[in-house]
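Beneath this line is the structure, given in structure tokens, with notes to follow.
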Amino acid sequence: MLQTAPIFLTEIANLPMQVQPENYTDAVLISHDQLNLAAFPPELLAAKPLLIFVEPLAYATFIPHHKKKLVYILSSQRHFAIECHKNGFTVVNLFTEGDLTGVLADFLAQYPNLNLTCMQPSEWDTRSEIESIALKFSARVNIIPNNFFIADPNKFKAKIKKGYRLETFYRELRRQTGYLMDGNNPVGGKWNYDKENRKSLPKKIAIPAISGFTPDPVTQEVITFVDKFLPDSFGQTQGFNLAVSRQQAIELAQQFILDRLNSFGPFEDAIKTGEPFLFHSVLSIYLNNGLLLPQEICEMSIDAYNEGKAALNSVEGLIRQIIGWREYVRVYYEAMMPDVRQSNHFGFTHNLPQMYWDGDTDLKCLQDAIGNAIDYAYTHHIQRLMVLSNFSNLTFSNPIQLNQWFWVAYADAYEWVVLPNVLGMSTFADGGVLASKPYVSGGNYINKMSDCCSKCKYDVKLKTGEKACPFNYLYWNFVDVHRQDFSENGRVSLMTNMYEAKSTEEKAAIRDSADRFIQKIKR
Ligand code: SF4
């Protein structure tokens, strides 16, 4: 039996009515994060197999994903199903209140002549579901490699636990793709332009707007569905204006290349209150469900460099994010799952502060970052790292809870990308497999890179006491509590030496301020 959700009123509702799966011998599953037929082998699609889309409600109730993320995932999947239908494919859209396994098993049992091809899912749990289906229906189910990434994880996986770091991986990917390469050497003579990419934002700088899209009837129907059936999810649907089709996503990519890429590099680490996007691409949302492919964004940005429209430091910074960091974290995920899910190197047991869920805080930098997450299901990477992860570390919050919050809060968040960033990169929960130290810093760096401190009730220049910036005393308290880890690490042993040089009175004041603050926010 083909099932559809009861409230589907738009085009998508009609698709199953035209389908007679018994007339087909071959079907291809299109996962919610594989919305691009260009990534599938052409020979698989040549004979126009049946395309199967699944809407498993259990995915949306498993954790309370941001409502805008749910709208985005479901609406872009439905738009893509409709587009495939218009391009001559027969499409089945299966809705279930349960999970993928149940609905697919029922479908395959109902149509015994049908063989199903699935591209390996990026996320572990979905992959396990597909593998269980393959086990049950053996020869009828074929799993093909995931083609939405550039690097072959099998080539790198074994090296990850042996300290294979980003920089080496990135250079290998540059050579593999030929991106920004001049023979065997990097274009411009340098692999890295980080030194040019750490500028704070000038006071008077024009920040280009990013286009939004008015929800069409398909999206409006999904918004109604999410509001009605998933009211307890994070954030709100109000103001949803993301692209939901490849055509719209391409428009946004072109707009980024023209309007923002050139300034992206210098200001990629800057924060400005009330400006959630600055010069960032905001394309990860579309890359991570396949509407855009990583190669095409890299090639568009290199074209802009070759045409003199974007500086090398900006283009290299973007290429580094896409074929460096994005591919690297995916390889890490493949190498480290599933045990890494329970990582908590420092043994932090405090619950993630309530402010992450409701935005209720008087720390301006956190208020702005969490507010952006609630309003847009997005904050740029430096707010994620320098503010949100930093504060979680400094308050000894459980990194597994922080990982879940990131997964819930962001429209671009899938486990393969969130987990390495949180449990590997920012919290050091994996004990140093991915990074050489936890990301912690005091208020000074936030002050240098943002305008938050000038609008905050706390004083970033004060080190202890009620009016002092909490990041300041929390930072030194962290160094004190974890001095063992710090003193053994060459990169940060300097900080333990600086802490040791403080007077007994100052150390006591740091400890007292930190204890009071942590008690106050504890839940
Ligand atoms: Fe954040 Fe401290 Fe600056 Fe306030 S003063 S915005 S808490 S860094």
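Below is a table of values for the structure above.
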{"quantity": "Any helices (runs of 4 or more DSSP H) falling wholly within the range 390-499 and containing at least 2 residues that are more than 16 Å from the ligand (Cβ to nearest atom) and in contact with a helix residue (DSSP H, G or I) (Cβ under 8 Å, 6 or more places away or on another chain)", "calculated": "399-409, 415-419, 470-481, 483-487"}
{"quantity": "Test: residue in the range 361-379 that is within 16 Å of the ligand (Cβ to nearest atom), within 26 Å of ALA335 (Cα to Cα), touching a residue at least 60 places away in the same chain (Cβ under 8 Å) and outside the structural domain of TRP325 (by TED's automatic domain parsing)", "calculated": "no"}
{"quantity": "Among the candidates PHE406, PHE391, residue that is modelled with pLDDT of 95 or more and over 21 Å from ASP33 (Cβ atoms)", "calculated": "PHE391"}
{"quantity": "Enumeration of residues in the range 294-312 that are surrounded by fewer than 17 Cβ atoms within 10 Å (Cβ to Cβ) and within 21 Å of the chain's Cα centre (by Cα)", "calculated": "GLN295, GLU296"}
{"quantity": "Qualifying positions in the range 51-78 - in contact with a helix residue (DSSP H, G or I) (Cβ under 6 Å, 6 or more places away or on another chain) and assigned to a helix (DSSP H, G or I)", "calculated": "ALA60, LYS67, LEU70, VAL71, LEU74, SER75, ARG78"}
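The values are calculated or read from the model by the stated rules, or taken from the named source; none is laboratory data. What you see is a predicted model, and the numbers here were worked out from it, not measured in a lab. Virtual Cβ from ideal backbone geometry, glycine too; neighbours counted across all protein chains shown.
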